[in-house]
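As structure tokens, the structure follows; a few thoughts come after it.
All of the numbers you see were taken from the coordinates with simple rules; none came from a lab. Quantities reported herein were computed from a predicted structural model and do not represent experimental measurements. Positions of Cβ are backbone-derived with ideal geometry, glycine not excepted, and every protein chain shown enters the neighbour counts.
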Amino acid sequence: MKRIASLVIAVLCISALPIDALAQKSDDPVVIEVGGSQIRQSEFMKEFNNNYGNQIQKGRFTTQTDKQKALTEYADLYATFRAKLLDAHEKGFDTAKRLRRELARYRSDLAAPYLIDSSELKRILAEAYERNHYSIHAAHILITIPPSCTDEDTIEYYNTAMELYNRIVKDGEDFNDVATSYRLKHNPGAQPRPNEGDLGYFTVFDMVYPFENAAYGLKVGEVSRPVRTRYGYHIIKVLDRVEGLFGKVTMAHIWLSSPDSIHRASDINMIYKQLEDGAEFAHLARQSDDKSTSNSGGLLSDASLSQLPPEYIHQLAKMKDGEISKPFYTRYGWHIIMLQQHDTLAPFDEMKAIYKQRMARDQRGNASRKAFAKTCIEKYNIIDYTKTPKASTTTKKKKSTKTPPLMMASLDELVKNIPDSVFRGKWVITPSDFTDTTRLVSTPSKNYTSLDVAKYISTHQTKGIHENMGVFVRRYFNDFIDSVSIDYADSQLENEYPEFANIVNEYRRGLIIFNYNDAMIWRKAQEDSIGFAEFFDRESKKKSLTDPTDSIFFFNTRARVSIFEITNSNALSSSKALKIITKAHKKNMSSSEIRQLLLNKIDRRKYSDENIVKLGTELVEQGRQQILNKDQWQVGIYQEPYKKGYRILVVDEILPRTLKGRNEARGYYLNAWQNEVEQRLTEELNAKYKVKIYNNVLSKISF
């Protein structure tokens with residue numbers, strides 16, 4: 001608790017940047033001096049109001065005395081804080097590696113909202129929410145592109161995809177027939193399937209983003225042109241689109257297996273008639289051929305949409321909670337379902353956090369980043385020299401030609417020296433391969449060469465498809481430009497956003513003070529065993545039983561108790577056990593000896609478990625135990641029922657209230673010892689940094 005309180009004070013007591021202009025005004029008197037620095041009234045009151053603003057608004061300070069007390073207490077805290085901060089800098093706490101790592105993590109989290117295109121992010125979030133209202137039922141034909149594919153092969157796969165697309169759209173062939181023929185052609189010996197390529201129902205984030213975009217852009221019955229994803233080319237057909245289903249559903253069903261729609265139709269209609277007449281669904285579900293659910297009323301709990309047959313989704317989309325469907329047929333047979341409960345889509349503001357989290361693992365997360373990078377490139381004049389023409393060396397006008405202009409730089413060295421192992425994510429960079437010092441990119445603070453780009457590619461390489469090296473390098477180079485552009489924007493946040501700079505500075509100072517207090521007070525007090533022992537000897541002598549504030553340093557009345565538990569009263573009656581224990585106790589027999597006496601009185605052939613008589617000894621404290629009742633706090637023997645048997649409590653001794661030892665009250669004394677260590681440190685700092693508080697100025701401040 002001490003650490004938490006000190007950290008809170010440290011953060012709350014942070015000063016804003018000095019207001020130099022105000023510091024020169026004669027009507028802005030000095031309130032505090034620390035180490036030669038002057039804290040003037042304007043700065044002091046700004047921090048005071050930041051920390052006491054809520055209490056002021058709530059009217060806590062009703063009299064001038066209350067106000068002066070608050071000002072004086074805060075002045076002491078603030079002066080101590082500034083002295084600690086000076087000493088922490090002098091001792092190098094501000095440069096500690098752990099502090100820099102923690103500050104970097106905090107700053108990164110704080111900077112994230114500043115480093116995105118808010119309008120693009122808003123569009124993406126709104127798009128996701130709108131799509132989340134609908135579930136799409138689609139089928140696809142996937143033309144898989146293997147990882148080792150060359151650029152020429154990629155074109156061939158695209159042409160194959162276009163041929164299949166034209167057969168469906170232009171020639172009018174059935175989608176399922178085309179999908180089946182393609183699969184059988186590439187999988188000799190495979191058997192046809194009734195719904196080739198059927199993906200069932202899905203919604204936003206269930207598919208890769210390019211696939212999702214294409215599917216949500218189609219109407220029911222439409223077929224897409226080939227869509228490229230990391231898996232290959234897809235031809236997509238939307239089979240259905242339903243609104244209102246989200247998340248999971250709890251439902252019950254009755255299924256009668258049937259090879260066709262005629263067989264068992266009368267059976268399902270009879271069941272439905274009984275439901276209409278008021279029969280219980282759970283009772284009729286016993287006739288279901290789904291034996292995993294028939295004995296539990298046909299219940300399917302928390303089923304996701306992707307787990308259910310498409311026909312079920314189509315029915316559920318039209319139903320309300322508690323409603324029962326009419327019989328419907330699928331290739332599995334006849335069905336009746338009852339919707340018990342379904343999830344609903346939460347309001348947009350509640351879904352945004354979920355979407356942002358899922359975007360981190362989704363391609364759409366790059367959209368706002370790229371939009372922001374584009375803005376940065378223009379804003380900070382970040383130059384791509386591979387797209388910057390060389391200046392003409394002649395003033396004569398030339399006739400227009402189709403020859404492209406020469407650029408100031410090229411990616412040739414990268415294309416030449418990066419091996420194919422990069423496509424397997426196995427490339428180990430050799431820096432000496434990249435010696436061209438021509439700048440490829442420049443920001444206002446740095447120039448980047450092919451070596452910098454090569455390091456970026458090496459760090460970010462992943463296993464993927466084999467492609468033209470020039471295309472590959474250009475793609476990674478574009479990502480590199482985005483990265484350095486955003487990094488430069490990140491470096492300018494403190495200059496462009498004063499509120500960001502203040503928050504980071506406050507957190508940095510709070511970390512410094514926390515680490516300073518930890519080293520100079522908390523750990524120092526814990527590790528100074530001699531000092532703590534002397535403090536305990538001195539302070540423990542001051543504690544009094546009559547002082548209520550010292551009660552935590554004393555034990556309450558305590559009792560030493562032996563507990564005999566007989567787990568089965570049939571083995572030994574409570575009256576007999578009480579008699580044995582009372583007689584043995586008068587003879588001063590030990591608890592273990594008494595337990596053995598009890599065991600000897602039990603028929604061990606019938607009750608062989610050694611734990612039928614349990615023994616425990618406790619030293620219990622009044623007000624902090626659950627063994628003795630109020631009327632049992634005196635030496636004696638007490639019997640009471642317990643679980644399936646009973647227990648007998650032997651109160652051997654009552655101990656009066658006594659002072660706790662150093663180990664028993666260590667936490668309380670350590671807290672007080674840390675306060676003393678801190679007080680000594682404060683006195684040393686006040687002297688070292690010549691701390692001075694101008695109470696005459698404080699007395700004139702009103703708020």
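Are there DSSP H segments in the chain that both extend 30 Å or more along their axis (alpha-carbon positions) and score a mean Kyte-Doolittle hydropathy of at least -1.0? List them, or say none. Show your work: numbers first, answer last.
Numbers: long enough: 64-90 (39 Å, -0.80); 469-491 (32 Å, 0.08); 666-688 (32 Å, -1.30).
Length and hydropathy pass: 64-90, 469-491.
What percent of all Cα-Cα pairs in region 570-671 falls in each 5 Å bin, counting up from 0?
2, 9, 19, 19, 16, 12, 8, 6, 4, 2, 1, 0
Taking GluC sites (Glu not before Pro) that fall in a DSSP loop and have at most 15 other Cβ atoms within 10 Å as cut points, what is the longest piece of the chain between them? Walk me through the numbers before you get to the answer.
Working: sites that count: Glu173, Glu222, Glu280, Glu323, Glu664.
Longest run free of exposed loop sites: 324-663.
Given 25 °C and 0.890 mPa s, compute D for region 18-134 with the Stokes-Einstein relation, Rh being the Kirkwood radius over Cα pairs; round to the nearest whole µm²/s.
On the way: Rh = 18.8 Å.
For the chosen part, D equals 131 µm²/s.
Put a dot 7 Å past each Cα toward the Cβ at Lys248 and Lys374; how far apart are the dots in nm?
4.1 nm
Could you estimate the translational diffusion coefficient of region 248-342 from the Stokes-Einstein equation, with Rh from the Kirkwood formula over C-alpha pairs, at 10 °C and 1.306 mPa s, in whole µm²/s?
Details: Rh = 13.1 Å.
Stokes-Einstein gives a translational diffusion coefficient of 121 µm²/s.
Distance from the Cα centre of region 315-392 to that of region 220-292, in angstrom?
25 Å
Treat the chain as a sphere of radius equal to its Kirkwood radius over Cα pairs and apply Stokes-Einstein at 4 °C in a medium of 1.567 mPa s; give the translational diffusion coefficient in µm²/s, rounded to a whole number.
36 µm²/s
With label points built 7 Å along Cα→Cβ from the Cα atoms of Thr430 and Glu664, find their separation and express it in nm.
7.5 nm
How large are Rg and Dmax for region 134-243 when calculated on the C-alpha trace, in angstrom?
13.8, 43
Give me the dipole magnitude in Debye, nearest 20, for the chain about the Cα centre, with unit charges on the beta carbon: positive for Lys and Arg, negative for Asp and Glu. Mind showing how you got there, number by number?
On the way: 101 positive and 90 negative charges, 359 e Å.
The dipole magnitude comes to about 1720 debye.
Among Phe555, Phe328, which comes first, second and so on when ranked by fewest other beta-carbon atoms within 10 Å?
Details: Phe555 18, Phe328 15.
In order of increasing Cβ crowding within 10 Å: Phe328, Phe555.
Any chance you could run the full-extension gain for Asn468 through Leu77? It's 0.36 nm times the residue separation minus the Cα-Cα distance, nm to one decimal.
Between Asn468 and Leu77, full extension yields an extra 134.2 nm.
State the extension gain, in nm to one decimal, for the chain segment bounded by Lys326 and Lys541, taking 0.36 nm per residue of separation less the distance between their alpha-carbons.
Difference between extended and current length: 68.9 nm.
In what order do Val204, Val561, Val697 fall by count of nearby beta-carbon atoms within 10 Å, going from fewest to most? Could the numbers behind the result be given before it?
On the way: Val204 23, Val561 20, Val697 17.
Going from sparsest to densest Cβ surroundings: Val697, Val561, Val204.
Quick check on the chain: helices-only [θ] at 222 nm, where DSSP H runs of length 4 and up contribute -39,500 (n - 2.57) each and the sum goes over total residues. Nearest 500, please. Intermediate results must be reported in sequence, preceding the final value.
Numbers: 25 runs with 309 residues, N = 703.
Theoretical 222 nm ellipticity from helices: -14000 deg cm²/dmol.
Fewest Cβ neighbours within 10 Å first, please rank Trp334, Trp633 accordingly.
Placing the least packed residue first, the sequence is Trp633, Trp334.
Using only alpha carbon pairs under 8 Å that are at least six residues apart, calculate the relative contact order of the chain and give it in whole percent.
Working: 903 pairs, mean separation 114.1, N = 703.
Reported relative contact order: 16 percent.
Efficiency by 1/(1 + (r/R0)^6): what FRET value for Glu350 and Ser301, r their Cβ-Cβ distance, R0 = 22 Å, to the nearest 0.05? Numbers along the way, then the final one.
On the way: r = 24 Å, r/R0 = 1.08.
After rounding to 0.05, the efficiency reads 0.40.
Strictly over 18 Å apart at the Cα level, which of Lys97/Lys446; Lys46/Lys690; Lys84/Lys690; Lys248/Lys320; Lys390/Lys446; Lys416/Lys455 would you flag in this model? Can you show the working numbers first?
Working: Lys97/Lys446 26 Å; Lys46/Lys690 23 Å; Lys84/Lys690 12 Å; Lys248/Lys320 14 Å; Lys390/Lys446 20 Å; Lys416/Lys455 15 Å.
Beyond 18 Å between Cα atoms: Lys97/Lys446; Lys46/Lys690; Lys390/Lys446.
Just want to confirm a number: the relative contact order over region 134-243, from Cα pairs under 8 angstrom separated by 6+ residues, in percent. Before the final figure, lay out each step's value.
Working: 159 pairs, mean separation 51.2, N = 110.
Relative contact order of region 134-243: 47 percent.
Thr403 to Asp420: extension gain in nm, 0.36 nm per residue of separation minus the Cα-Cα distance?
Details: separation 17, 0.36 × 17 = 6.12 nm, distance 3.09 nm.
This chain segment gains 3.0 nm when fully extended.
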